[in-house]
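Working notes for the structure below.
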Amino acid sequence: MRRVWGVPVLYLLVGAVLAAALFAEGSTAGGVAVAVVFLVIALVHSPLFFPASTGAAEALRRGAADGRPVVFWRPGCAYCIRMRLRLGRSARRMHWVDIWSDPAGAAEVRAANDGDETVPTVFVAGRPHTNPPPAWVRGQLDASA
C-alpha cells in the first residue's frame, strides 16, 4: 500500500520544500503557487483520481457479465492519467484494477504483455488491448451500454 502513495507523497514533500523556500525569501504568491501546483500534481498521481479499484478476478467477472471494459492501471503512470482524463465521467462506468494493490491484476497484465507490466491494459470481451487510444475505449464502453 505504501508503494501506491509513494509518488504522490514525494510530490507533496518536494512542493512543500520549494514553497517553504519561496516563503522564506518573502515570495508569498510564488510559495502559494508552487504549493498549489504540486498539490494538484500529487492528487492526479494518487489513487483518489481514479475510480475505486476492484480485484482482477472480480473486475473480469463483472466485465464479462455487463460487457464493460476492464482497465488495469497503476498510480503514477502517465498513460493511465491520460486515459483517465480523456475518458472523463465515462471512466466511472468501467471496472478499474490497480496492479500495485492487486498481485492477481499484475499477473493478468504480465500474461497479456509478454511478462511486462505495461499499463493501461484494457480487457474487452476477454481480449487484452495494451495502451489503446482513449477514444477507442470510450467507443467500446458505449457499445456495451
| Limited to the range 61-79, what total is found for residues that are in contact (Cβ under 8 Å) with a residue 40 or more places away in the chain and either β-branched (V, I, T) or in contact with a His (Cβ under 8 Å, 6 or more places away or on another chain) (or both)? | 7
| Evaluation of P8 against (1) farther than 19 Å from E108 by Cα; (2) in the same structural domain as E117 (by TED's automatic domain parsing); (3) touching a Ser or Thr at 6+ places or on another chain (Cβ under 9 Å) (one fails), failing number | (2)
| request: Give the range 104-145 a look and list any residue that's assigned to a helix (DSSP H, G or I) and either within 13 Å of P69 (Cβ to Cβ) or at pLDDT below 95 (or both), or say none. | output: P134, A135, W136, V137, R138, G139, Q140, L141, D142, A143, S144
| note | Among the residues of the range 36-57, the number that are surrounded by 18 or more Cβ atoms within 10 Å (Cβ to Cβ) and either farther than 26 Å from D98 by Cα or over 16 Å from the mean Cα position of the chain (by Cα) (or both) is 1
| Taking interchain pairs and intrachain pairs at least six residues apart, which have beta carbon atoms under 6 angstrom, with the first residue in the range 80-98 and without any contact (Cβ under 8 Å) to a residue 40 or more places away in the chain and the second in a helix (DSSP H, G or I) and among the small types (G, A, S)? | R84/A91
| query | Using beta carbons and a limit of 6 Å, which pairs, at least six apart or on different chains, have the first residue in the range 102-129 and in contact (Cβ under 8 Å) with a residue 12 or more places away in the chain and the second one among the basic types (K, R) and surrounded by 20 or more Cβ atoms within 10 Å (Cβ to Cβ)? | reply | V119/R74
| said: Name the residue that is farthest from L85 (Cα to Cα), counting only residues in the range 97-143 that are surrounded by fewer than 19 Cβ atoms within 10 Å (Cβ to Cβ) and of a type in the set (D, E). | reply: D114
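The values are calculated or read from the model by the stated rules, or taken from the named source; none is laboratory data. Here the structure is a predicted model, which means the values were calculated and not measured. FYI the Cβ positions are ideal-geometry reconstructions off the backbone, even for glycines, and counts take in every protein chain you see.
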